[in-house]
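Structure first, then comments.
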Amino acid sequence: MLKRLSVVAAIVGYCSLATAQSVSYRLLETDPRNYKPTVLCLDLLNCDTYHDVAAGYGVKLETVILGRIMPFVNFKNSWYDGATHHLYNSYPIAPGGLKNQTNLDAGAVLFLFNKVKKRPVRIILKSTSSGRYTFTHFTYVPSEVKRMFGVGGGIFYNRKTLSIQDDAAPFFKYKNLSTGAEVAIPQVGETNAGQPAGDAYRAFAISNTMSLYGGLHLRNIKNTVIRADGYGKRSNAKVVDVYFDVMVAPVVSVGNVKDIDGKEWKIVPQSGGVNHIGYKAGYAIHSAKSFGFYYYTEFGKRPGPVLGKDFLNNGSYITLGMGVSIGSGLQLNVRSHKGKKSHTTADKEETAKDKENVPKD
């Protein structure tokens, strides 16, 4: 095993070579306070593995108020959901048809720690590829970096189509709405007395889960721009967010299904069929300027229905996304009482003073 890991490490190091080098440059900007506090992130493509793979798009809007409060709203919708792309003519399915996955996340972060510190920032000068090899040249520039740390929370809504069969069958039962009798979901080839008409061993229901969450949030802002001899204008201007949240869903709803005879049945979760507690952790990057790239990854375990004990069915998930960010200088500041400087004015004076102390070439 150790030999295999050594070979893999050697291959990775051989195929991607990074070289730090000394270069003459002129510092154009190094003020992380001058980032765009209001950002619209267009999620052009995302992939989510929660209870079957889904792919789609999304949009996120966030802003920073008084330099410390960051409300946000994030909507995602799927144009492909593996759970809805099955032949289900003879299965009990949700009345009105199946729906692709949709997420809505709304919340806010209160930054308790908000400091600017001197740190070397890596600026990529050039990156070239030749066959299987990539060569990256970079330099480190003494810069200012803004670090923010706080607590956040919000509401997360998830709508998901469930394919209930095989491993999921022990966690749910059919309930006859007329008699109130519950019937176990059969395995393939089996028949249970009083079961729905058609192929009852597989049911397609829609779940709706509303979760409350709260946790920690770390933000790192860089906004360094240089003009390097032989390379032109280069920059490292980005906002990096890292977060961890605990999620709680008091109520998880699983919708009814209708069999091929048009009779409606209730899907009743059994012991272990619902997770009420979960978590999520993520890493996101967007440009600190007016326009740039946006990408993120998130993993965790969502509260909601349980379709099995393995990773892909117990509520665990991984999501990846990429798109573009559009930033604006729009922000809300409150002026202090007479005799004191406004928040905006103080920031400008502090910025001007700090620029005087920026090391020259």
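Worth pointing out:
- Selection status of S127, surrounded by fewer than 16 Cβ atoms within 10 Å (Cβ to Cβ), assigned to a strand (DSSP E or B) and of a type in the set (S, T, Y): yes
- Among the residues listed as L27, L40, L61, L44, the single one being of a type in the set (A, V, I, L, M), under 30 Å from T136 (Cα atoms) and modelled with pLDDT of 95 or more: L44
- Residue ID - farthest from G215 (Cα to Cα), chosen from residues in region 239-266 that are of a type in the set (K, R) and either out of contact with any Lys or Arg (no Cβ under 8 Å at 6 or more places or on another chain) or free of Cβ contacts under 8 Å to residues at least 40 places away in the same chain (or both): K263
- Among the residues of region 89-116, the one identified as touching a residue at least 60 places away in the same chain (Cβ under 8 Å), surrounded by fewer than 17 Cβ atoms within 10 Å (Cβ to Cβ) and small (G, A, S) is S90.
- Verdict on Y296 being at pLDDT 95 or above, surrounded by fewer than 15 Cβ atoms within 10 Å (Cβ to Cβ) and not in a loop (DSSP other than H, G, I, E, B): no
- Some residue of region 311-322 being of a type in the set (A, V, I, L, M), at pLDDT 90 or above and outside any strand (DSSP E or B): no
The values are calculated or read from the model by the stated rules, or taken from the named source; none is laboratory data. Keep in mind that this is a model prediction, so the values were computed, not measured. Glycine gets a Cβ as well: all are built from the backbone with ideal geometry, and neighbour counts include every protein chain shown.
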